[in-house]
Amino acid sequence: MDTNNANTLFGLPAYDVKSEDVHQCYNDTCAIKSQEILMNASGFNVTEEELRFEAIQNGWYAPGVGTPMEDVGKLMEAHGMDVRQQIHGSIFNLVGELSKGHPVIVGVDSGELWHPGVDETFEDIIKGPCADHALIVGGIEFNDDFTGGTVNLIDPGTGDFGVAYDLDAFEDAWNDSDNFMVAVAS
């Protein structure tokens, strides 16, 4: 197969910048902040604090606990955005959504991205899969031969905008949520 002229970037390229506009205000509002970022990018004018209050009122978020996976996307949906949840997603599903211009929030094990190593491997063995974080997949960039690549993430936990992670490392962290994703149709 000739891949010389194949598109290898889907979505945004890596920027690897920090931004307080991306960083969440509370330790457990990653899903709320991710939704705020996507809502504001779609023309809404909402704050994390407003959305946090709305999520508390609707039972979609508990302070000190966070947002249950099944409630990720409900804030956007309540404001009229077309949201689609999926479990058992794949890189191909992500590429499909990104190639349509649809932003995607995913669930991951943050430790596997932020502090990879033996401790995270043992955590998976002892505790099993443990997704504890939501963030936005901004883009995926494959190597020229499509044997690997990077995933460019917008991470409210770190304030990173467009930070590139190895595709395999991302998939390992994403697997801990059973490959949960929330796509937003434009």
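The values are calculated or read from the model by the stated rules, or taken from the named source; none is laboratory data. The structure displayed is predicted, hence computed values, not measured ones. Every residue, glycine among them, receives a Cβ derived from its backbone with ideal geometry; neighbour counts consider all protein chains shown. Areas reflect the complete protein model, heavy atoms only, side chains present, ligands, DNA and RNA absent. Shrake-Rupley method; radii C 1.70, N 1.55, O 1.52, S 1.80 Å.
Looking for something surrounded by fewer than 12 Cβ atoms within 10 Å (Cβ to Cβ) and touching a residue at least 24 places away in the same chain (Cβ under 8 Å) - is there at least one such residue anywhere in segment 60-78?
yes
Of all residues in segment 61-78, how many are more than 19 Å from Met39 (Cα to Cα) and either assigned to a helix (DSSP H, G or I) or in contact with a Pro (Cβ under 9 Å, 6 or more places away or on another chain) (or both)?
1
Out of segment 10-52, which residues are within 15 Å of the chain's Cα centre (by Cα), free of Cβ contacts under 8 Å to residues at least 40 places away in the same chain and not in a loop (DSSP other than H, G, I, E, B)?
Result: Glu36, single match.
So if I check each of Ser34, Ser90, which one is farther than 30 Å from Asp145 by Cα, surrounded by 12 or more Cβ atoms within 10 Å (Cβ to Cβ) and of a type outside the set (Val, Ile, Thr)?
None of the others qualify; the one that does is Ser34.
Just checking, how many residues over segment 126-142 are open to solvent by 20 Å² or more (accessible area, probe 1.4 Å), in contact with a strand residue (DSSP E or B) (Cβ under 9 Å, 6 or more places away or on another chain) and not in a loop (DSSP other than H, G, I, E, B)?
Result for segment 126-142: 2.
Going through segment 143-174 one residue at a time, which ones are open to solvent by 30 Å² or more (accessible area, probe 1.4 Å), part of a strand (DSSP E or B) and among the hydrophobic types (A, V, I, L, M, F, W, C)?
Of everything in segment 143-174, those that are open to solvent by 30 Å² or more (accessible area, probe 1.4 Å), part of a strand (DSSP E or B) and among the hydrophobic types (A, V, I, L, M, F, W, C) turn out to be Phe161, Ala164.
Quick one: is Val46 under 27 Å from Phe142 (Cα atoms) and open to solvent by less than 30 Å² (accessible area, probe 1.4 Å)?
No: the conditions fail for Val46.
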